[in-house]
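The values are calculated or read from the model by the stated rules, or taken from the named source; none is laboratory data. Predicted model, so just to flag it, every value in this text is computed and none were measured. Cβ: placed from backbone, ideal geometry, glycine included. Neighbour counts: every protein chain shown. All accessible areas refer to the heavy atoms of the entire protein, side chains included, with ligands and DNA or RNA removed. Shrake-Rupley method; radii C 1.70, N 1.55, O 1.52, S 1.80 Å.
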Amino acid sequence: MAEPLFDEEVPLYELRDVHVRYRTPTGLVTAVGGVTFDVKPRGVTVLAGPSGSGKSTLLRVLGLIDRHTSGSVAWQGLDVGRLSNRARRGVRRDRIAVVFQAPPDNLIPHLTVAQNLRAAAQSAGLPDADPDILDWLGIAGTGDWRIGALSGGQQQRLSFGCALARDPAVVLADEPTSQLDAASATLVLDVLRRLADRGVAVVTASHDPELVALGDRVVRLREGLLEEAA
Ligand SMILES: Nc1ncnc2c1ncn2[C@@H]1O[C@H](COP(=O)(O)OP(=O)(O)OP(=O)(O)O)[C@@H](O)[C@H]1O
Ligand SMILES: [Mg+2]
């Protein structure tokens, strides 16, 4: 059998015995207590688990926003724990897009829809967003609209459009449907699926059974530990 042109199985992230502890006025809190798993470079990975199980903390570690306390985190084979803050910001800017839970947190309210997409592209050093993105999101014709004229669900779809405009290797999304009604959430999930189908890795944290079902891989957490990796 012919060798593949490139190895699809090289992980995007490799986490080994990762701990994250936070110092609080009442002492150290262990948010993540030693987890080991890989994130593949394609498809949707869902971090699932009850409140307080460490999902958001892990997403912040994957986003190179928070540093892990011990263990190791490799990004495309690069040990990011050893990088300076400046180097970590560089990786984040060039290769990682983040979508927050509340749609307005992802968008610049005084800019139009098209201007938001352009600003997102430029934040990753690109000249502009692909003009087909709005059509792809199912909100064609809204380019000149203000953000406030879009529904919450449309805003969240645009948030994923802004993520795509940055041409990232991975999109990290913390509970992206939790503030939406069921119909809007389904449309956002469709965008998330198609984003993964375009070859962008998606890692998302959620309680939403529909989102968990969408995952190509589910990492289940409980109290900062891995329950199972399917
Ligand atoms: N910055 C912080 N300082 C102190 N403790 C923190 C911090 N961030 C998270 N924690 C603690 O770490 C644990 C895991 O929190 P995390 O937010 O990652 O959970 P989660 O799975 O995302 O929960 P939820 O489903 O409620 O969003 C919790 O006990 C939380 O209180
Ligand atoms: Mg959370």
> Quick one: what pairs do we get from the stretch 77-93, first residue closer than 15 Å to Gly125 by Cα, second assigned to a strand (DSSP E or B) and open to solvent by 30 Å² or more (accessible area, probe 1.4 Å), C-beta under 9 Å, 6+ apart or different chains?
Replying inline: Val91/Leu78; Arg92/Val98
> Name the pairs: first residue in the stretch 163-182 and in contact (Cβ under 8 Å) with a residue 12 or more places away in the chain and open to solvent by 10 Å² or more (accessible area, probe 1.4 Å), second residue among the aromatic types (Phe, Trp, Tyr) and in a loop (DSSP other than H, G, I, E, B), Cβ to Cβ under 7 Å, at least 6 apart or on different chains?
Replying inline: Asp174/Phe100
> Name the residues in the stretch 10-47 that are closer than 21 Å to Gly77 by Cα and either in contact with a His (Cβ under 9 Å, 6 or more places away or on another chain) or within 12 Å of ligand 1 (Cβ to nearest atom) (or both), would you?
Replying inline: Leu15, Val18, His19, Val20, Gly34, Val35
> Does Ala31 satisfy being in a strand (DSSP E or B) and over 16 Å from Leu226 (Cβ atoms)?
Replying inline: no
>> Restricting to the stretch 17-39, and then to whatever is among the β-branched types (Val, Ile, Thr) and over 21 Å from the mean Cα position of the chain (by Cα), can you tell me which residue is farthest from ligand 2 (Cβ to nearest atom)?
In response: Thr26
>> Quick check on my filter: what residues within the stretch 104-117 are assigned to a helix (DSSP H, G or I), out of contact with any Gly (no Cβ under 7 Å at 6 or more places or on another chain) and touching a residue at least 12 places away in the same chain (Cβ under 8 Å)?
In response: Pro104, Asn106, Asn116
>> Given the options Glu210, Glu175, name the one that is closer than 23 Å to Ser51 by Cα and out of contact with any helix residue (DSSP H, G or I) (no Cβ under 7 Å at 6 or more places or on another chain).
In response: Glu175
> Within the stretch 186-225, restricting attention to residues that are open to solvent by 70 Å² or more (accessible area, probe 1.4 Å) and assigned to a strand (DSSP E or B), which residue is nearest to Ala97 (Cα to Cα)?
Replying inline: Arg220
>> Tally up the residues in the stretch 42-67 that are open to solvent by 30 Å² or more (accessible area, probe 1.4 Å) and either part of a loop (DSSP other than H, G, I, E, B) or more than 9 Å from ligand 2 (Cβ to nearest atom) (or both), please.
In response: 8
> Does Asp144 satisfy the condition of being over 19 Å from the mean Cα position of the chain (by Cα), surrounded by fewer than 17 Cβ atoms within 10 Å (Cβ to Cβ), farther than 30 Å from Val35 by Cα and more than 16 Å from ligand 2 (Cβ to nearest atom)?
Replying inline: yes
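Residue-by-condition table, conditions (1) under 24 Å from Leu189 (Cβ atoms); (2) not hydroxyl-bearing (Ser, Thr, Tyr):
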| position | (1), (2) |
| --- | --- |
| Arg42 | yes, yes |
| Ser53 | yes, no |
| Thr57 | yes, no |
| Arg60 | yes, yes |
| Asp66 | no, yes |
| Trp75 | no, yes |
| Val99 | yes, yes |
